[in-house]
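Just below is one structure, and these are the notes that go with it.
The values are calculated or read from the model by the stated rules, or taken from the named source; none is laboratory data. Treat the numbers as computed from the prediction; the structure is a model and nothing was measured. When we count neighbours, we look across all protein chains shown, and the Cβ atoms used for this are built from the backbone with ideal geometry, even at glycine. Please note that ligands, DNA and RNA were not included when accessible areas were found on the heavy atoms of the full protein model with its side chains. Shrake-Rupley method; radii C 1.70, N 1.55, O 1.52, S 1.80 Å.
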Amino acid sequence: MSSVRPVVVPANPLRLEVMALHAYHVAPASGMIKLDAMENPYVLPQDLRDEIARLVADAEINRYPDAGAQLLKAEIRRVSNLPHGMDILLGNGSDEIIQLLALAVARPGAVLLSVEPSFVMYKMISTFVGMRYVGVPLDDDFSLNRKAMLDAIRQEQPALVFLAYPNNPTGNLFDAATIKQIIEAAPGLVVVDEAYYAFARDSFIPHLAHYDNLLVMRTFSKLGMAGLRLGFLAGAKAWLNQLEKLRLPYNVGVLSQLVAVKLLQHHDVLLEQAERIKQQRARLLAALNTVVGVRTYSSEANFILFRVAKATQVFEGLKQRGVLIKNLNSGHPALTDCLRVTVGTPDENRSFVVALQDTINQLA
Ligand SMILES: *Cc1c(COP(=O)(O)O)cnc(C)c1O
């Protein structure tokens, strides 16, 4: 008698929480003035672009990259003023580092804690790895609610806390003394996410040596390398040696390594562009403040959050006029009627303000 094979029922093996997710939305931007994604709007000087072209032409793309990315790490160390004894872990963008950190701590029941509104990937990645996410509401002015944070930490005992400093999408720096209290109260790791460090007055890198459970994460995306996908985590060797085990080999490609090393050797060029962006941020803020019906929030980043009546219609009106910004309305309740604009070139910012004024006039 031949054995009967079990009937194979086609089943959907996907996790329910994955099916319930909404994919991270990237709006099509072809032909638009693109002020939605916090990119640096300036191109590199021609001589630097020529150097990069030669580097890329000679790159050994048939070989795997340097797995330890030694040259790149040395340049990052040099430009970031890391305290003695601190090490670096590289990510394919800092998003990858958030995921790696979450993977490392995702024991059953483990909690990832952040604030709301903040960077949406913290919550999404909690779901990816099966962690419980806790979002503590910010105060109405988007500052940290110290009591709520300390209470939540005591109650939830989070394995991982993320604080974006400056915060995205609100643009403010949180109170540094409160962050220090959070680090001291937290039973697990606290990651200060400094994606916008180049535009901000303060950093937690100098404090790394003072706190055993503090890590600082940065990306080069907002400084002008969004296309390269490169971020890093800085902290004590003891932590980073463990986290390195989860980093996929060769996560930063040959071309990203070569080009980033070259750009960091010309860090002054990027810092000068960041300086121009900061100057434009002040002008854009002043211009927005002259538009009747617009309420702005001051920013330490390369974008400005603002509130306006009929925000979604304003967003659509801007789009029709060829300007793409970010619509935050109908996301988090604290962001009702909020839009976020990235600081562009002087021309782009002017076009945006004209289009905004025109749209608001038409809607009135
Ligand atoms: C943009 C951003 C990141 C991610 O940047 P990558 O491009 O993945 O390096 C991380 N955190 C915050 C707060 C951001 O705004």
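Structure above, values below:
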read-out: Residue within segment 63-80 that is in the same structural domain as S203 (by TED's automatic domain parsing), under 16 Å from the mean Cα position of the chain (by Cα), within 14 Å of the ligand (Cβ to nearest atom) and assigned to a helix (DSSP H, G or I) present; value: no
read-out: All strands (runs of 3 or more DSSP E) inside segment 247-355 with 3 or more residues being within 22 Å of the chain's Cα centre (by Cα); value: 303-308, 338-342
read-out: Residue list for segment 221-246, restricted to those being within 12 Å of the ligand (Cβ to nearest atom) and either hydroxyl-bearing (S, T, Y) or part of a strand (DSSP E or B) (or both); value: S221, G231, F232, L233
read-out: Among (1) more than 25 Å from V192 (Cα to Cα); (2) open to solvent by 10 Å² or more (accessible area, probe 1.4 Å), the one test that A311 misses; value: (2)
read-out: Any hit, segment 197-212, residues being under 16 Å from M121 (Cα atoms) and not assigned by TED's automatic domain parsing to the domain that holds D337; value: no
read-out: Residue pairs meeting the criteria (Cβ under 9 Å; at least 6 apart or on separate chains; first over 17 Å from L228 (Cβ atoms) and among the charged types (D, E, K, R), in segment 85-110; second assigned to a loop (DSSP other than H, G, I, E, B) and away from the ligand (no atom under 16 Å from the Cβ)); value: R107/M131; R107/A159
read-out: Any chance R218 is in a loop (DSSP other than H, G, I, E, B), assigned by TED's automatic domain parsing to the domain that holds P117 and of a type outside the set (V, I, T); value: no
read-out: Test: residue in segment 250-261 that is over 30 Å from N361 (Cα atoms), open to solvent by 80 Å² or more (accessible area, probe 1.4 Å) and either in the same structural domain as S118 (by TED's automatic domain parsing) or within 15 Å of the ligand (Cβ to nearest atom) (or both); value: yes
read-out: Residue satisfying all of: in segment 154-168; crowded, with 16+ Cβ neighbours inside 10 Å and out of contact with any strand residue (DSSP E or B) (no Cβ under 7 Å at 6 or more places or on another chain); farthest from L215 (Cα to Cα) among these; value: N168
read-out: Sole exception among (1) more than 10 Å from the ligand (Cβ to nearest atom); (2) among the aliphatic types (A, V, I, L, M); (3) without any contact (Cβ under 8 Å) to a residue 40 or more places away in the chain; (4) out of contact with any strand residue (DSSP E or B) (no Cβ under 7 Å at 6 or more places or on another chain) for L173, by number; value: (3)
